[in-house]
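Presented below is the structure to which this report refers.
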Amino acid sequence: MSKRKLTIALAGNANVGKSVIFNHLTGLHQHIGNWPGKTVERAEGTLHFKGYTIDIIDLPGIYSLSTYSLEELVSRKYIVVERPDIVINVVDASVLERNLFFTLQLIELETPLIIALNQMDIAKKKGIEIETEKLEKLLSIPVLSTVAIKGVGISKLLEKAIEIVEKEEKPNPVEIKYGEEVESRIAKLTRMVEEIQFWYPPRYVAIKLLEGDEEISREVQRIAPKIISTAKELATEIEELHSHSCSTVITSERYEIAGCIAREAQKLVPPIKPPIEEKLHNLTTHKTLGYPIMVVLLLLVFYSIFAFGGYTSELLNDFFYNFESFFKGLFGTGVAGELVWGGIIEGIIAGITIALPYITPFYLILGILEDSGYLSRIAFLMDNIMHKIGLHGKAFIPMMLGYGCNVPGILGCRIIETEREKLLAAFVTTLVPCAARTVIILGLVGHYIGIQYALILYVIDLLIIFFLGRLAFKTLPGEPTALIIEMHDYKVPHLKTALKQTWFRVADFIKIALPLIVLGSLAIKLAEVLNLLEPIATVLSPITVMWLGLPAITGITLIFGVLRKELMLIMLATLLGTTNFALVLTPVEMIVFTLVAMFYIPCMATIAVLVNEFGWKKALFITAFEIVFAITIGGVVLRVLTLAV
Amino acid sequence: MERRTKFEGSELPLTALRNGETGIVTSIKAGRGECWGFKRRLMDMGLTPGAEVVVVKSAPFLGPLEVTVRGSRLALGRGMAERILVVRKKGCLREN
Ligand SMILES: Nc1nc2c(ncn2[C@@H]2O[C@H](COP(=O)(O)OP(=O)(O)O)[C@@H](O)[C@H]2O)c(=O)[nH]1
Ligand SMILES: [Mg+2]
């Protein structure tokens, strides 16, 4: 019997339980990556069931199928172009009306559809009783109730999905009727759209054209500009009738329908939920208590990530260096041996021992913070302050994590919606002094000049973040930032899902970052083996010596620092022939060196994630900008300090 | 034909409501230009004209607003909230 292939897509609002259902269905056969060329996460998995090989896609959580965000665009394109055999719309039973607003749009897309009415347990606690059969009848779509975290209803859901696909009849959901003024114009436009070849359903195109959907308008404009001009006329007519923009009218009416269905299908009874979630919410968003709670929690997170990271990093390091003599025995201590060990193997070790011990717990904790609902509360508390640098509250998390290591910081930017804000937040995060840079700041300036000077450097760093953040915010085109985020009820995260997601995200990271880190390491080793370091130091000397006033050999440290910034000090000591830096460097030189080291380039692992998240061009631009910026500021500070001293 | 007449009372920004007060959305001020995307997003989250919205509280130092609308709880940046126009919903036993 040959196996038949099926594709099932999970779609729905954020935090409705898609990922938990996805993980129940796919077990360990999954892959998390990015949608091609996008910073939107794509989770895909396979499952074998009843002789089928089923491909399951977990679409990003969205509230609409308009094209406000990349997530929405990606989801809509996927459903229309790739045509999954069936879409499972996961619905949060405790916020039925808003979830149905999304369901209605899926219906308009005319895709085969079933509904997983999830979080029935929470709805019940809140005093919301939903009659599944009634909802099913109202929508003419199969509705199955589930409690994803307990695995209740998942296999029935899968069976139903396959049953629908096997029936092979066209889906026949309820017709969504707008008000007469709108409906007549939709009908008129639909007839026009039916004349042309287009991959969206005609009625959907008509509605979206009236709503002024940019993507669809653009594509129709190419094929049939006449339709666009008619659509504009009709939209204006509706606007005049209702004194609201046409898209406002259509969205309102769609919400009316969703509300109507929700009210029919649900019954409100007094809640039996102990108000603990509510108390927790009030406490964590409290105008005074909220902040200390946040600080303590974040310090705890911070501490546990770095305690775990530091410990495992060292353990792994020791473990790998046990093999040093073995490898050197194998490849000899000649050029080949040097390259294999010092270039490739040490590169791999650097990647594994620096990045992994930190990003693994980071992914886990970030996932748990997000799923539980606390992340949105932090955004609520911090929005005001982050606004000053043109970012909204959510961007606080990546920045804070950046103080430990920029890599998880930049990965954390995924929680931000728009591409522009993601990039802004990532840029700001690369300016945050990570633990490795802290080693230099404290080890050099703090130790030899005085801790107050080290603190001044931190303050300067904050000012620069503020200044450059504002600058980037002003120059990067796009809409101003505003926080719009749902603070859903606190929930107990599903640990198994969180663990699995962490595992597959880490795998994705290794695949992308490790080759880059190894390549960088190999290049530097090659330069060393070929005796190019001295010449490079000489070539750099106009910058290091003349502009920055540093000894020429610091050029070599700066190159090595690209790989591992925490080794810069050790390197400097080796090259200068002493660990007492006070003997060989003046205080001004120390400050200039530290300043440059703080800003001059993100390390290799950071560049790798930048490439992964934003592509080569933007990663290189940020890198180039920071090199120029660091050198400039180093030289300027040197001159100011020499004048002052 | 004037649909607006169904909203009694004067329009004010959502930020003018006191904690605990309910408003009915009348419109969102945003041109086709800069804030268009956010207007879409607000409406997609349920803040359409006619929707009832309760202001729960606001974060300190003129921070974002916590509101509930259509059974869900949202945090709205203050700049955005100022663009949402509402009329105050009156209790039936209130003065005038
Ligand atoms: N009580 C309860 N919690 C659930 C249920 N389904 C999901 N959750 C929780 O809701 C949160 C969001 O789930 P997730 O699958 O990540 O949502 P997604 O954003 O749609 O992928 C997690 O903390 C889950 O543990 C459910 O049926 N009951
Ligand atoms: Mg998810």
Test: residue in the stretch A:11-26 that is away from every other protein chain (no Cβ under 14 Å), within 13 Å of ligand 1 (Cβ to nearest atom) and outside any helix (DSSP H, G or I): yes
Evaluation of residue A:118 against (1) modelled with pLDDT of 95 or more; (2) within 16 Å of ligand 2 (Cβ to nearest atom); (3) within 14 Å of chain B (Cβ to nearest Cβ) (one fails), failing number: (3)
Options A:315, A:297: the member that is surrounded by fewer than 16 Cβ atoms within 10 Å (Cβ to Cβ) and touching a residue at least 60 places away in the same chain (Cβ under 8 Å): A:297
Residue in the stretch A:27-43 that is closer than 28 Å to residue A:170 by Cβ and within 16 Å of ligand 1 (Cβ to nearest atom) present: no
Which numbered condition residue A:595 fails, given (1) open to solvent by less than 10 Å² (accessible area, probe 1.4 Å); (2) part of a loop (DSSP other than H, G, I, E, B); (3) among the hydrophobic types (A, V, I, L, M, F, W, C): (2)
Within the stretch A:606-621, considering residues that are touching a residue at least 12 places away in the same chain (Cβ under 8 Å), open to solvent by 10 Å² or more (accessible area, probe 1.4 Å) and of a type in the set (A, V, I, L, M), the one farthest from residue A:559 (Cα to Cα): A:611
Residue match in the stretch A:27-43 (condition: in contact (Cβ under 8 Å) with a residue 40 or more places away in the chain, within 14 Å of chain B (Cβ to nearest Cβ) and outside any loop (DSSP other than H, G, I, E, B)): no
Candidates A:364, A:375, filtered to the one that is closer than 30 Å to residue A:471 by Cβ and within 16 Å of ligand 1 (Cβ to nearest atom): A:375
Lone unmet requirement of (1) away from ligand 2 (no atom under 16 Å from the Cβ); (2) open to solvent by 20 Å² or more (accessible area, probe 1.4 Å) for residue A:70: (1)
Some residue of the stretch A:275-283 being outside any strand (DSSP E or B), over 36 Å from the mean Cα position of the chain (by Cα) and not assigned by TED's automatic domain parsing to the domain that holds residue A:120: no
Residue, farthest from residue A:307 (Cα to Cα), within the stretch A:387-396, restricted to residues that are in a helix (DSSP H, G or I) and open to solvent by less than 10 Å² (accessible area, probe 1.4 Å): A:393
Selection within the stretch A:131-151 - away from ligand 1 (no atom under 12 Å from the Cβ), surrounded by 17 or more Cβ atoms within 10 Å (Cβ to Cβ) and over 20 Å from residue A:176 (Cβ atoms): A:144
Positions within the stretch A:455-510 being assigned to a helix (DSSP H, G or I), open to solvent by less than 30 Å² (accessible area, probe 1.4 Å) and away from ligand 1 (no atom under 16 Å from the Cβ), in sequence order: A:457, A:461, A:464, A:465, A:468, A:469, A:472, A:506, A:508, A:509
Cross-chain or 6+ apart pairs with Cβ under 8 Å, the stretch A:225-244 first and more than 12 Å from chain B (Cβ to nearest Cβ), then of a type in the set (S, T, N, Q): A:228/A:217; A:228/A:221; A:231/A:217
When residues of the stretch A:100-127 are limited to those that are open to solvent by less than 10 Å² (accessible area, probe 1.4 Å) and within 11 Å of ligand 1 (Cβ to nearest atom), the one nearest to residue A:200 (Cα to Cα): A:116
Among the residues listed as A:81, A:87, the single one being open to solvent by 10 Å² or more (accessible area, probe 1.4 Å), β-branched (Val, Ile, Thr) and more than 12 Å from ligand 1 (Cβ to nearest atom): A:81
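The values are calculated or read from the model by the stated rules, or taken from the named source; none is laboratory data. Just so it is clear, the structure is predicted and the values come from calculations on it, not from any experiment. Positions of Cβ are backbone-derived with ideal geometry, glycine not excepted, and every protein chain shown enters the neighbour counts. The accessibility values were calculated without ligands, DNA or RNA, using every heavy atom of the protein model including side chains. Shrake-Rupley method; radii C 1.70, N 1.55, O 1.52, S 1.80 Å.
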